[in-house]
Every structure is written in C-alpha cells, then in structure tokens.
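Written below as structure tokens is the structure these notes are about.
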Amino acid sequence: MSFQDVFGTAPDGSWRAPGRVNLIGEHTDYNDGLVLPIALPNRIVVTASQRDDGRIAVASTGHKGITEFAIDELTPGSVSDWAAYPAGAAWILRESGYAIGGANLLVDSDLPSGAGLSSSAALLCATSVALLGLRGIEVDPAEVARLAQRAENQYVGAPVGLMDQMASMCCTAGHALYFDIRAMSTDQIPFDPVADDLALLVVDVKAPHRHVDGEYAARRKSCEQAAAELGVPALRSIAYDDLDDALARLSDDVVRRRVRHVVTEIRRVEEAVALMRAGRLQEVGPLFTASHASLRDDFEITVPELDVAVDTALEAGALGARMTGGGFGGCIIALVVADAAESVLAAIEKAFAEHGFTAPSALAATPSARASRLN
C-alpha cells in the first residue's frame with residue numbers, strides 16, 4: 001500500500017522514529033531514576049503531505065480505513081484505537097502553540113506491536129516529527145520527547161514515564177542513552193557488543209500482555225505511595241546505602257518489595273554504566289540477571305514465558321539475561337558470546353516447544369540513531 005494508493009497524491013516527505021530496548025533500569029523512570037536504553041533499527045515511518053483545511057487524515061499499512069479529524073476539535077478521548085496516538089501528537093502540538101496545519105499521514109512499521117519495544121512512543125514521535133517537519137518547524141529533540149510523553153499521558157491516558165520517548169528522540173548509533181530523569185540530563189555511553197565478540201539478543205516471547213495497563217498503574221501507585229510515606233518526592237531520593245532503613249519504615253510488605261526493586265535497580269544502572277565506560281561489557285551480564293530476579297520477585301511483573309526464556313538463556317551459556325520493558329509479556333534481552341547466539345536462541349525455542357508456548361522470535365539489537373527525516 002503506497003501513499004499514492006491511499007490519498008491519491010504524492011507525499012511531501014517521510015519521517016522515522018525507532019523503537020527501543022532498555023538495557024537496564026526498569027520501572028525507574030517514573031521514580032526520577034536512571035535508565036539505559038538503546039534505539040533499535042526497527043522503526044515506525046510516517047509518510048506525509050500537507051493539506052490546507054486544518055484536518056488530519058491518518059491511515060496505516062497495518063489497519064483498514066482512514067481516520068480523519070479536525071485539529072481544532074481534538075480533545076482527549078475524541079479519537080480512539082490506534083489512531084489515538086497520531087491524534088494525541090497533533091493535540092499536544094496544538095496545545096503547545098505549534099502551527100502544524102493539516103496533513104495526510106500514512107503509518108508503516110517493522111516494529112512488532114505488543115512486544116514491549118515501545119511502538120506507541122515511536123508512533124507518537126514519528127507523527128510529531130512528521131507534522132513539525134511538514135511545516136519546517138524545528139524543535140529540540142528532548143522537547144519533542146516530553147511532548148510525546150504528555151500526549152500519551154493526557155490524550156491516550158497511559159501513565160508512562162519519559163524513557164521511551166527520549167530513547168526514540170535522543171539515542172545515537174553505537175551508543176546507549178544514559179538518561180537521568182531527575183536531572184533531565186543525558187550522556188551517550190559507547191555500546192558496541194560486536195567489538196567485544198558479543199551479541200545482544202532480543203527475544204520476543206510472544207506472550208499475550210495480561211492486565212498490563214492496570215498492573216502498570218498499580219506499580220506506579222505503589223511507588224508513589226511509598227515515596228509519600230517516606231516523605232521524599234520520589235524513590236530516587238532514597239540512597240542505596242539507606243535502603244534498609246527506608247524499608248524498615250514502610251508498613252506494607254508489597255510496597256516494601258517495590259521500593260527495594262527501584263532502589264537496587266537504579267544502583268544496577270550506575271554499575272552497568274561504570275563497567276561499560278571501563279570497556280568491561282562482559283561483566284554487565286550478571287547485572288542483567290540480577291535485574292530480572294528483582295523484577296520477578298520484588299516487582300512481580302514477569303510471566304512464565306519471560307522466566308523460561310531467561311532461565312534457558314542462562315543455562316545455554318548467556319552471560320546475563322533479563323526481561324525488558326513494562327512486563328507481563330514482551331521481550332527478554334540476553335548478552336551472549338557472538339558465536340553462541342544461535343545456540344542460545346535454539347535452546348529457548350526448544351524450551352518453549354516443551355512448555356507448549358508460542359514460538360518466540362528474535363530481533364537484531366544494533367544500537368541505532370534517533371528519529372529523523374528519511375526523504
């Protein structure tokens with residue numbers, strides 16, 4: 001399906017925004033913490049043309065039909081289903097004073113939906129840079145990321161943090177993005193597994209997301225409850241060395257475990273960055289594995305498919321493995337010796353068949369560049 005086929009005219013240009021995989025730092029972003037994502041080569045592409053009637057029409061190669069709406073009439077909830085994301089991007093740009101104007105938009109993607117690789121943030125970012133690019137409006141990439149997060153929070157109604165959008169808008173090729181949410185600062189950390197004869201496997205376990213929206217919100221509420229009980233603005237304020245004292249002051253055991261995950265996970269990000277800066281990438285593997293155990297036992301967001309994939313990867317020789325993303329489905333990552341990548345994946349496939357799980361699939365995890373114009 002081409003743009004000409006859908007809209008009957010030639011496009012003015014195409015813009016892309018990548019998905020992401022988070023190396024470490026899970027559920028720390030909305031706690032003012034630290035994260036370490038990379039952008040994937042898999043991306044969402046928005047091909048677009050201007051129109052002068054103040055309306056936006058959106059179509060997708062993966063969905064039937066065209067959804068059309070007036071920019072001036074957009075309100076949260078006024079557009080539903082997948083089109084809520086491009087509508088949300090238009091709404092937040094309008095609310096922020098950007099004269100984006102009408103447009104025809106065709107969305108295409110090679111980013112698996114529902115795999116926990118941030119297809120929603122990529123769609124918001126790709127739409128935003130397309131709408132801005134059509135009118136020649138230049139906006140700082142980090143600001144586009146913040147606007148995309150606001151759109152997902154306020155228009156779509158998902159209580160997401162800022163990591164996904166920042167990864168899509170600010171990552172560079174060959175690097176991981178060290179993002180300090182509280183300071184709103186970023187640093188590019190060299191990440192080149194191939195140079196160390198390693199590979200980063202990203203395995204989509206194809207598990208259906210189970211109650212992910214309600215569970216995500218519940219985890220965030222627990223963290224906010226704990227911060228309030230401890231008298232701090234966010235869990236980032238709890239130093240690792242003060243963790244035991246903080247846990248002793250909490251009355252609820254579930255909340256206590258949520259706090260322990262967040263504080264120890266922030267520490268693991270710091271340790272991973274230090275190792276990567278020192279050129280000791282192999283030693284990051286155990287931090288991945290410790291992160292997964294914390295997400296499984298303290299944050300309780302894994303599912304059997306994720307646990308089996310991680311355990312099998314480790315048994316097959318992976319240096320470390322963990323679930324990545326929001327949880328309750330999605331993907332794992334495994335740091336492996338390059339020559340062992342195929343055998344590790346084969347072991348996971350065999351284990352899934354033995355458990356009666358849907359066959360997994362693997363993606364190439366090459367650290368890639370941020371959102372940009374294609375043509």
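Summary of computed values
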| quantity | calculated |
| --- | --- |
| Asp252 - accessible surface, heavy atoms, 1.4 Å probe, Å² rounded to 10 | 60 Å² |
| Cα gyration tensor category, rounded, prolate or oblate, for the range 154-208 with a/c compared to 1.5 | oblate |
| Kirkwood Rh, Cα atoms: Rg over Rh of the chain | 0.98 |
| Length-normalised contact order of the chain in % [C-alpha pairs under 8 Å, at least 6 apart] | 24 percent |
| Vicinal HN-Hα couplings computed from phi for the range 90-97 (Karplus, 6.51 cos²θ - 1.76 cosθ + 1.60; Hz; Gly/Pro x) | 5, 4, 5, 5, 4, 4, 8, x |
| Per residue Cα convex hull volume in Å³ - calculated over the range 129-257 | 193 Å³ |
| Rounded accessible area of Thr172 (nearest 10 Å², 1.4 Å probe) | 50 Å² |
| Integer Hz, Karplus 6.51/-1.76/1.60 couplings in order for the range 281-295, x for Gly and Pro | 4, 4, 6, 6, x, x, 5, 4, 5, 5, 4, 5, 4, 5, 5 |
| Hz values of 3J(HN,Hα) by residue in the range 113-129 - Karplus curve (6.51, -1.76, 1.60), Gly and Pro given as x | 7, x, 9, x, 10, 6, 5, 5, 5, 4, 5, 5, 5, 4, 5, 4, 5 |
| Average Cα contact separation per residue, the range 106-206, under 8 Å, 6 or more apart, as relative contact order % | 21 percent |
| Under 14 Å from the Cα of Lys206 - aspartates and glutamates, other chains or at least 8 residues apart | Glu305, Asp307, Glu349 |
| The chain - percent of accessible surface contributed by carbon and sulfur, probe 1.4 Å | 48 percent |
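The values are calculated or read from the model by the stated rules, or taken from the named source; none is laboratory data. Keep in mind that what you see is a predicted model, and the values were worked out from it rather than measured. In case anyone asks, the SASA skips ligands and DNA or RNA and just uses the protein heavy atoms, side chains included. Shrake-Rupley method; radii C 1.70, N 1.55, O 1.52, S 1.80 Å.
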